[in-house]
């Protein structure tokens, strides 16, 4: 898939030996046929245990990977993974949607992940991220460039939370982020065009006037607020 991932597997195997259980890449880039960014790949690393000795072994490898532009991997022991499926339904359902085993066992394929806590976790995370977005607006508002960066940096995490919304309607979420935005807007009867525009800006940056950036953030905030309120009303 990727020479960097081949090297990652080699380095983690050298560091952890038989304690390394699985390495799984997941995210929108896995099945994408278009241009992808390094940050579009996420990694799950599963070991037999994760004590301080293990963390010291993996730290240089993780630092090397992150310094190359990839996201920080998620670390679990195999027991923790098994016992966390009902606690993090959004994360694990997202992983299962599009993934590739780079090393070891396929720990996701046979797992049945309950929807029981899906609405609660979705609303919880939406509210938390919305509060953080409002807080970050205050320092970012001093510069149009900073405000635009706040939007393009945060859009992917919000789109990830739209996928479980579609699942609550009994719909299989599309892998495409843009399609996820469109379908969620249709289901909730909300104008999600500000989210689509910010995602486009993230993927293909264009020069925007200061007033356009300010208006875009206003629409972004309003859209996310309405989505959160709609999720709260779902049963």
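The values are calculated or read from the model by the stated rules, or taken from the named source; none is laboratory data. Values in this document were obtained by computation on a predicted structure and should not be read as measured data. Every residue, glycine among them, receives a Cβ derived from its backbone with ideal geometry; neighbour counts consider all protein chains shown.
Observations
- Here the condition is being modelled with pLDDT under 90 and either surrounded by 20 or more Cβ atoms within 10 Å (Cβ to Cβ) or under 21 Å from residue 222 (Cβ atoms) (or both); of 131, 95, 151, it holds for 95 alone.
- From the list 137, 220, the one residue that fits, being over 15 Å from residue 28 (Cβ atoms), out of contact with any helix residue (DSSP H, G or I) (no Cβ under 6 Å at 6 or more places or on another chain) and assigned to a helix (DSSP H, G or I), is 137.
- Checklist (1) modelled with pLDDT of 85 or more; (2) crowded, with 18+ Cβ neighbours inside 10 Å; (3) under 19 Å from residue 2 (Cβ atoms) applied to residue 27, failing item: (1)
- Residue 50 falls short on exactly one of the conditions (1) touching a residue at least 60 places away in the same chain (Cβ under 8 Å); (2) in contact with a strand residue (DSSP E or B) (Cβ under 6 Å, 6 or more places away or on another chain); (3) more than 16 Å from residue 67 (Cα to Cα), and that condition is (1).
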